[in-house]
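**Q** Attaching a single structure in C-alpha cells format; questions to follow.
The values are calculated or read from the model by the stated rules, or taken from the named source; none is laboratory data. Everything numeric in this text was worked out from a predicted model, so none of it was measured. Note that each Cβ is placed from the backbone with ideal geometry, even for glycine, and that neighbours are counted across all protein chains shown. Heavy atoms of the whole protein, side chains included, go into the accessibility calculation; ligands, DNA and RNA do not. Shrake-Rupley method; radii C 1.70, N 1.55, O 1.52, S 1.80 Å.
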Amino acid sequence: MTDTPDQPASCPLPQDAALPPPPPARRVTRVQVRDGKVSEGARAVPEEVPVALTFNGTTHAVMMASPTDIADFALGFALTEGIVASPAEILSREVIVLEEGIEARMWIPEEKMKHLSARRRALAGPTGCGLCGVESLVEAVKPAAHVAAAARFTPAALLGAMEALGPLQSLNHETRAVHAAAYFEPGRGILATAEDVGRHNALDKLVGKAADAGFDTARGLLLLTSRVSIEMVQKAAVLGVGVIAAVSAPTSLAIRTAEAAGITLCAIVRADGFEIFTHPERIELASPERQNHVA
C-alpha cells in the first residue's frame with residue numbers, strides 16, 4: 001500500500017504548533033509499601049491523553065491513548081474501522097497538539113464522508129473502546145474479512161518472534177504498564193512495533209505503520225502482548241496476517257471469529273510453547289496426528 005505525492009503517508013507536527021507532544025512517560029513520586037517496609041521515591045508511569053480523530057473537520061471518536069505514533073494511529077484506526085479501504089483514500093493527515101489533548105485531523109473524499117456522517121447519525125449512545133461508530137449489535141459482532149494468507153511458520157520461529165519482541169518494548173520496560181503489537185516476517189525479523197496504554201490502540205498504530213510501509217502482510221504474523229478479543233481479530237484481518245500469536249488467552253468469540261476468518265490463532269505463548277485454537281495448518285507441527293489433535 002503506497003501513497004501518491006499529494007496524499008502524504010504522514011504529517012508531522014506543524015512547525016508553528018504552540019505545544020510540543022507530551023512525553024510517553026513521566027516520573028511521579030509515590031510511597032512504596034513492600035514486605036512490611038515503607039519507603040519514598042519515584043517511578044515511571046505511562047502518559048495517557050485524549051486523542052480526537054476527526055474527518056473533514058468533524059470529530060468521529062475520542063480515544064484515550066499514549067501520545068506516540070499518532071499519525072500511524074489515525075491511519076490504522078481509519079482502516080480497521082472501515083472508514084477508508086487504503087491509505088490512498090486519506091487525502092491528508094495532520095497531528096495537532098492542543099492544551100486539552102491531541103487532534104489527528106484527516107481529510108477523506110466527500111463520498112466517504114457522507115457514509116461516515118450517516119453512520120454517526122445512527123448512533124444511539126456512547127461507544128466503547130474498539131467499537132467506535134457501531135450502531136447495532138449485529139455490526140458489533142460482524143464477521144472479520146476472510147484471510148487467505150498461505151505463509152507457514154515453525155513453532156521455533158513463532159517462539160523466537162515473541163522472544164525478540166521483549167527488548168523492543170521500550171515504553172513497557174520503563175513503565176510496565178502498556179501493551180504492544182508487532183509485525184514479524186521469517187528471515188527479516190520484527191519489522192514494526194507499536195506500544196500504547198490501550199491494546200486496541202497499539203494494534204491500530206501497527207496497522208497504520210504496516211500500511212504506510214507497504215508490507216506484504218500475508219508473509220508475516222502478528223504478535224500481541226494482550227488478550228485476544230473479537231476486535232483484535234477483526235483488526236488483524238484488516239492487517240492481512242494469517243497468524244496471530246498472543247501472550248494471553250483469547251475469548252470464545254475471538255476464537256469463533258478467527259475460525260470463520262481463516263486466521264490461525266495461537267495464544268498463551270510462553271518460552272516452553274503455546275496453544276493453537278484455530279487453523280493449525282499454518283504451524284508446521286511434528287506430525288499429522290498431533291496437528292489433528294490440536295485442532
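**Q** From the phi of every residue in segment 73-79, what ³J(HN,Hα) in whole Hz does the Karplus formula 6.51 cos²θ - 1.76 cosθ + 1.60 yield, where θ is phi - 60° and glycine or proline is x?
**A** In residue order, the calculated couplings are 4, 4, 5, x, 4, 4, 6 Hz.
**Q** Which cross-chain or sequence-distant (5 or more) residues have an amide H under 5 Å from the amide H of Gly198, H modelled 1.01 Å from N in plane?
**A** Ser66, His179
**Q** Which lysines have a Cα lying under 21 Å from the Cα of Lys205, excluding residues fewer than 8 positions away in the same chain?
**A** Lys205 reaches Lys235.
**Q** Another one. Under 19 Å Cα to Cα from Lys112, which aspartates and glutamates show up? Leave out anything in the same chain fewer than 8 places away.
**A** Asp3, Asp6, Glu81, Glu89, Glu94, Glu135, Glu139
**Q** When only the heavy atoms of the protein chains count and the probe is 1.4 Å, how do Met162, Met232 rank by accessible area, highest first?
**A** Working: Met162 25, Met232 0 Å².
Of Met162, Met232, the descending order of accessible area is Met162, Met232.
**Q** Further question: Report ³J(HN,Hα) in whole Hz for each residue of segment 263-280, in order, from the Karplus equation J = 6.51 cos²θ - 1.76 cosθ + 1.60 where θ = phi - 60°; Gly and Pro get x.
**A** Karplus-based 3J(HN,Hα) across segment 263-280 equals 9, 7, 10, 10, 9, 6, 6, 10, 4, 9, x, 7, 10, 10, 9, 9, 6, x Hz.
**Q** For Arg26, enumerate residues with amide H under 5 Å from its amide H, sequence gap 5+ or separate chain, H modeled in the peptide plane.
**A** Under 5 Å from the amide H of Arg26 lie the amide H atoms of Val45, Glu47, each far enough along the sequence or on another chain.
**Q** Then there's this: Ranked highest first by average number of other Cβ atoms within 10 Å, how do 170-179, 206-215 line up? Working shown, then result.
**A** On the way: 170-179: 18.1, 206-215: 23.3.
Packing proxy ranking, top to bottom: 206-215, 170-179.
**Q** Students often check this: by mean Cβ neighbours within 10 Å, which of 51-61, 218-228, 27-37 ranks highest, and how do the rest follow?
**A** Working: 51-61: 17.5, 218-228: 22.9, 27-37: 8.4.
By packing density, highest mean first, the sequence is 218-228, 51-61, 27-37.
**Q** If the chain between Ala145 and Leu168 were fully stretched, how many nm would it gain, using 0.36 nm times the residue separation less the Cα-Cα distance?
**A** Numbers: separation 23, 0.36 × 23 = 8.28 nm, distance 2.94 nm.
In short, 5.3 nm is gained.
**Q** Find out how many positive minus negative residues lie around Ala71, taking Lys and Arg as positive, Asp and Glu as negative, among other residues whose Cβ is under 9 Å from that of Ala71. Mind showing how you got there, number by number?
**A** Details: positive: Arg93; negative: Asp69, Asp72, Glu94, Asp212.
Here the charged neighbours net out to -3.
**Q** Just to check I understand the Karplus step: with θ = phi - 60° and J = 6.51 cos²θ - 1.76 cosθ + 1.60, what whole-Hz values come out for segment 114-119, glycine and proline as x?
**A** For segment 114-119, the Karplus curve yields 4, 5, 5, 5, 5, 5 Hz.
**Q** While we're here: For Ile190, what is the net charge nearby, where nearby means another residue's Cβ is under 14 Å from its Cβ and Lys, Arg count +1, Asp, Glu -1?
**A** Numbers: positive: Arg188, Lys209, Arg219; negative: Glu163, Glu185, Glu195.
Result for the local shell: 0.
**Q** Next up: Can you list the residues, at least 5 places off or on another chain, whose amide H is less than 5 Å from the amide H of Gly220, using H built in the peptide plane?
**A** Hits under the 5 Å cutoff: Gly242.
**Q** Further question on the same structure: Within the set of other residues whose C-beta is less than 14 Å from the C-beta of Ala180, count the net charge using Lys and Arg as +1 and Asp and Glu as -1. Mind showing how you got there, number by number?
**A** Details: positive: Arg176, Arg199, Lys205, Lys209, Arg227; negative: Asp69, Asp72, Glu163, Glu174, Glu195, Asp196, Asp204.
My count for the surroundings of Ala180 gives -2.
**Q** Could I ask something else about it? How much of the accessible area of segment 148-295, probe 1.4 Å, is carbon plus sulfur, in whole percent?
**A** On the way: 2940 of 5670 Å².
C and S atoms contribute 52 percent here.
**Q** Using 7 Å Cα-to-Cβ label points, what is the Ser252/Glu284 separation (nm, one decimal)?
**A** Distance between label points: 3.6 nm.
**Q** Could you order Glu103, Glu195, Glu259 so the one with the most accessible surface comes first? Probe is 1.4 Å.
**A** Details: Glu103 45, Glu195 25, Glu259 90 Å².
Accessible-area ranking of Glu103, Glu195, Glu259, largest first: Glu259, Glu103, Glu195.
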